[in-house]
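Right, one structure below, let's go through it.
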Amino acid sequence: MDILLNAANAALHLAHGLRRDVEVGLLLLGPPDPPRFVRLEGFRLRNFQPDIRSNAALVRLALKDASRIERETSPGVFGSKAGFEEALDRLGPTLVYVQEGGKDFRDAILPADATFVLSDNQDLTAAEERSILDRGAVPVGLGPIPLHTDHAIALVNNELDRRNV
């Protein structure tokens, strides 16, 4: 959970506010009742703090009593029982797959309004990777050294901000 919350913070937080143009999807595949999908809409979020303990309470609420139908449990926080494919459907359709060893994303032509797909401390399965690539995802890398997910997100956001200035 800490890895996911750190990633969400990296995607959403700025020094003095939130990125309102960002949407985050957290897919939880571990016990006790997988799969669970939590979606955070930056433009609607309230009470999303820089510390992960406060945000963990928001995510826990979204995980409680999840059904296949997505429901809003707090402003901008949505929970459901959804697997990998459904999560991609909700966040897509244009995907960028951040992977170790991919083409340097600073040299890549990235689609506008793309969904960046990253794994946590475990690589995606071969089937998940195939699913992403079959959807036309642009595979990119972030450099020669593997990064933590939250650091990768901060690097990508910084590069995208630089391009849009």
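At a glance:
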read-out	value
Built amide H within the under 5 Å cut-off of Val140, gap 5+	Tyr97, Val98, Gln99
Tail fraction, Cα-Cα pairs, region 4-58, threshold 12 Å, whole percent	65
Charge dipole (debye, nearest 20) of region 85-165; +1 at Cβ of Lys and Arg, -1 at Cβ of Asp and Glu	320
Mean residue ellipticity (222 nm) of the chain, computed from DSSP H runs ≥ 4 via -39,500 (n - 2.57), nearest 500	-10500 deg cm²/dmol
Whole-number accessible area per residue in Å² for the chain, which is evaluated in the context of all protein chains at 1.4 Å	57
Per-residue ³J(HN,Hα) for region 32-42, Karplus 6.51 cos²θ - 1.76 cosθ + 1.60, θ = phi - 60°, Hz, x for Gly and Pro	x, 9, x, x, 10, 10, 10, 10, 10, 9, x
Accessible surface of Phe43 - all protein chains present, 1.4 Å probe, nearest 10 Å²	120
Value of Rg to Rh for region 6-165 (Rh from inverse mean 1/r over Cα pairs, i.e. Kirkwood)	0.94
³J(HN,Hα), Karplus 6.51/-1.76/1.60, whole Hz, each residue of region 146-163, x for Gly, Pro	x, 10, 5, 4, 5, 5, 4, 5, 4, 5, 5, 4, 4, 5, 5, 4, 4, 5
DSSP loop trypsin sites (Lys or Arg not before Pro) with at most 11 other Cβ within 10 Å excluded, longest remaining stretch of the chain	69-165
Of all accessible heavy-atom area on region 12-142, the percent that carbon and sulfur account for (1.4 Å)	51
Overall form of region 91-147 per C-alpha gyration tensor (a/c, 1.5; a/b vs b/c)	oblate
Table column - 3J(HN,Hα) (Hz), region 85-95, Karplus curve with 6.51, -1.76, 1.60, x for Gly and Pro	4, 5, 4, 4, 4, 6, 9, x, x, 8, 10
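The values are calculated or read from the model by the stated rules, or taken from the named source; none is laboratory data. This one's a predicted model, so the numbers in the text were calculated from it and none came from an experiment. Don't worry about glycine lacking a Cβ; one is built from the backbone with ideal geometry, like all the others, and counts go over all protein chains shown. Note: areas computed on protein heavy atoms with side chains; ligands, DNA, RNA excluded. Shrake-Rupley method; radii C 1.70, N 1.55, O 1.52, S 1.80 Å.
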